[in-house]
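S.K.: Can you keep this structure in mind? I'll have questions shortly.
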Amino acid sequence: MKFRTLIGPVACLASFVIVSSANAELVTFRFKGVIDDAGTMPAIRLGDRFFGEIAWESNTDTGTGQAIYFFRPPLTAPGAHVSVNAKQGRVEFAQDPLQSWAVYVIDNFDLASNGILVDEIQYFSNLESPIPNIQFRLRDTDTTALSSTALPATIDLSQFELAMVTLATPSGDYATGRITDLKRVNKGGQ
């Protein structure tokens, strides 16, 4: 299976565009985890450890349902990068500063139209590429993790049943990993 089949829902996201609010705060989260599906990625193996950062501008929007936040160059928030400590050496994945990226926030919404409400945060990198090279995803099926569709300034990983990252190459090779730790970090002496 190639990564292309994993991102089918991205096409339907484009109709929900929201611009970040004026009272935005740049927030950065550092995360780490373990590869639990090496997929078709030749340099990455099951059990390899990964670490990375994801950053965005938080806001105080109070809507419910779903929202997409697009970040276009010149970027005020750096997006994400992930490093995998593979047996053959470190494998890097990063947001291209010349490409757009998006964060999809779902609050108390029936995403799959099956009567099940969820809270979810999804990040997609390098939107102009045929395949985003980083997809970051947190899902809460109890709908207690998020209180709105605002880009959060804090995240409590223990409130999400699904916490994963998918990494891909331009040719469609992919690997997925389970996020085991996520913490907000201050940047620039803040």
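S.K.: Any idea how far apart Arg184 and Thr76 come out in nm if each label point goes 7 Å out from Cα toward Cβ?
M.R.: Label-label distance for Arg184 and Thr76, simple model: 1.8 nm.
S.K.: Which distance in nm do the two modelled labels at Leu117 and Ala94 give, with both placed 7 Å along the Cα-to-Cβ direction?
M.R.: Label-label distance for Leu117 and Ala94, simple model: 4.2 nm.
S.K.: How large is ³J(HN,Hα), in whole Hz, for each residue of region 45-53 in order, when computed from phi with the Karplus curve 6.51 cos²θ - 1.76 cosθ + 1.60 and θ = phi - 60°, using x for Gly and Pro?
M.R.: Residue by residue, region 45-53 yields 10, 3, x, 4, 8, 9, 8, x, 9 Hz.
S.K.: Modelling each spin label as a point 7 Å along the Cα-to-Cβ direction, I'd like the Ala43/Thr154 distance in nm, to one decimal.
M.R.: 3.8
S.K.: Do any trypsin sites (Lys or Arg not before Pro) in region 83-152 lie in a DSSP loop with no more than 15 other beta carbon atoms within 10 Å, and if so, which? List each step's numbers first, then the result.
M.R.: Details: sites: Lys87, Arg90, Arg137, Arg139; in loops: Lys87.
Filter output for region 83-152: Lys87.
S.K.: With both bridge residues required to lie in the chain, what share of the DSSP beta bridges run antiparallel, to the nearest 5%? Write out the running numbers ahead of the final one.
M.R.: On the way: 62 of 64 bridges.
So the antiparallel bridges in the chain amount to around 95 percent.
S.K.: Report the far tail of the P(r) of the chain, meaning the percent of Cα-Cα pairs longer than 22 Å. Intermediate values should be presented prior to the final figure.
M.R.: Numbers: 7978 of 17955 pairs.
Of all Cα-Cα pairs in the chain, 44 percent lie more than 22 Å apart.
S.K.: Further question: Under 5 Å between amide hydrogens, which residues at least 5 positions from Val34 or on another chain qualify, with H placed 1.01 Å from N in the peptide plane?
M.R.: For Val34, whose amide H was placed from the backbone, the distant partners under 5 Å are Phe50, Arg178, Thr180.
Each reported figure results from applying straightforward, stated rules to the coordinates on display, with no laboratory input. Source: prediction; values computed, not measured. All Cβ positions, even for glycine, are placed from backbone atoms using ideal geometry, and neighbour counts span all protein chains on display.
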